[in-house]
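Nothing in this text is a laboratory measurement; each read-out follows from the coordinates by a stated rule. Nothing here was measured: the structure is a model prediction, and the numbers come from that model. Positions of Cβ are backbone-derived with ideal geometry, glycine not excepted, and every protein chain shown enters the neighbour counts.
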Amino acid sequence: YPNPRTFAFASVEVAFKSGARVTIDGAELDDALQYGATEGHAALREQLRAWQAHKDGVTLGDDQLVVLSGSQEGLFAVAYLLLDPDDTVVIGEPEYPGALSAFRAFCPGVEVMPVDGGGLDTAALAARLAELRAADKRLPKLVYCVSNGHNPAGVDLALDRRRQLAALAEEFDLLVLEDDPYQLLRLEGGARLPTVQSLAPERVIRLDSFSKIFAPGLRLGYASGPPALMRALVLFKQAANLHTSSFAQATLSRYLAAVDFATFGGEIEKCCALYRRNRDAMIAAARAHLPAEVTFNTPAAGMFLWLELPRGYDAKRMIAADTRDELVLLVPGEAFSTRGALKHCLRASFSTVEPEAIDEGMRRLGRMIARERARASS
Ligand code: PMP
């Protein structure tokens, strides 16, 4: 350990938007700036276990939680630890590109399942697993799922599918990687659905993230699951980065100590209200300005709207041709497929734009689509 007297900080004061103010100094500051335990800051891990019990009804043992530098680290670590070159991993289509690139780094094999209005199509997965078993073929090792506010599809995984996924994991000896950074960014009322982890705790590695409910740049998230797998994650972190930033962890820990879970929940609800307003603006603008042949769901959580244009339209071509003039930022569907599918789809985000700009953006997208229609039919 370096001598704390050499650390550059004298004291740190943080004022939170919730009204909480904290000062970190003395021995606590030395700790917050020193190397720390690989599995995470002890006080924070305790708070996170209480948080998981509070929000998900899941009780985690002390050996079942590892603090991560964002859930992205968990995606990479799980892929690194579990996937061998001859394995396959089940993914959805569309799917979050950050997960696809983590999986692709270690195993080329994917089983691609559709993602529709109810999330990952678990009936299609059940049929595929039965087919593989009947043919005596190797089964996938891991199923990746984003349970809420799917990026890019915007959908939640339906309750019956959560249950089916939990049952399939048991029946076919699979692990599920439940990636859930948008869980608490609810855009609709009603009770939250049970996490897949709560339905099959022995089979699930769950990733929680503070990026969308606290601040993404601090890089804070955590993995939870069976102790043996958490131990492997600790070994991974010892080799990769020793631990997640002590300072970031101390800041979150002091925040959680300064506000109770109800206050934190209220702060998260303010985030939801902002995104809900923007989502409503985007849906209204899409209805007003996009041609009827463009289809989309109303996102239930998260910050994305997934749009399907008619087949034959090429979103990448459209974006390349027009986005610089129209100044609308969109991601073509192909980015969310491992096999260059979804050419006719695109993702819009309503996170950082004000409703007036969302309306203007959709008006411009309407013009872009009209020009693409001409290209598609020529
Ligand atoms: N998973 C999904 C589905 C995401 O959309 C993102 C962020 N774009 C991540 C993981 C990574 O988030 P974090 O900041 O927690 O690493």
Exercise. By its C-alpha gyration tensor, with a ≥ b ≥ c as the square roots of the eigenvalues, how is the range 189-271 shaped: rounded for a/c under 1.5, else prolate for a/b larger than b/c, else oblate?
Worked result: oblate
Seminar exercise, completed: Zone reached by a paramagnetic label modelled 7 Å from A50 Cα along Cα→Cβ, restricted to the range 258-284 with backbone N below 14 Å, covers 258-265
Exercise. For the chain, what class follows from the C-alpha gyration tensor (a ≥ b ≥ c being the square roots of its eigenvalues): rounded when a/c is under 1.5, otherwise prolate if a/b is larger than b/c, else oblate?
Worked result: oblate
Exercise. Length gain on complete extension for the stretch T59 to L329, per 0.36 nm per residue less the alpha carbon to alpha carbon distance?
Worked result: 93.1 nm
Problem set entry | Amide H within-cut-off set for S18, under 5 Å, with H built and near neighbours excluded | none
Exercise. Relative contact order for the range 198-300: what is it in percent, counting Cα pairs under 8 Å that are at least 6 residues apart?
Worked result: 18
Exercise. If the chain between L159 and Q34 were fully stretched, how many nm would it gain, using 0.36 nm times the residue separation less the Cα-Cα distance?
Worked result: 40.6 nm
Problem set entry | Local net charge near D121, Cβ-Cβ under 15 Å (Lys/Arg +1, Asp/Glu -1) | -3
Exercise. Counting Lys and Arg as +1 and Asp and Glu as -1, what is the net charge of the other residues whose Cβ lies under 14 Å from the Cβ of D314?
Worked result: +3
Exercise. Using modelled amide H (1.01 Å from N, peptide plane; none on Pro or chain starts), what sits under 5 Å from the amide H of A301, excluding residues fewer than 5 places away?
Worked result: G149, L187
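How big is the range 10-100 by the Kirkwood estimate over distinct Cα pairs, in Å? Write out the running numbers ahead of the final one.
On the way: mean 1/r = 0.0599 Å⁻¹.
This gives a value of 16.7 Å.
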Exercise. Points 7 angstrom from Cα along the Cβ direction at A258 and R104: gap in nanometres?
Worked result: 4.2
Exercise. Pairs K141/K237; K55/K237; K17/K55; K55/K141: which exceed 24 Å Cα-Cα?
Worked result: K55/K237; K55/K141
Problem set entry | Sorted by Cβ neighbour density within 10 Å, fewest at the top, the residues S101, S378, S349 | S378, S101, S349
Problem set entry | Cα→Cβ-extended label distance, 7 Å offset, between A215 and A239, nm | 3.3
Problem set entry | Options M113, A8, Y35, ranked by Cα towards positive dipole end of the chain, top entry (Cβ charges) | M113
Exercise. Using the Cα gyration tensor of the range 135-289, with a ≥ b ≥ c the square roots of its eigenvalues, what is the shape: rounded (a/c below 1.5), prolate (a/b larger than b/c) or oblate (neither)?
Worked result: oblate
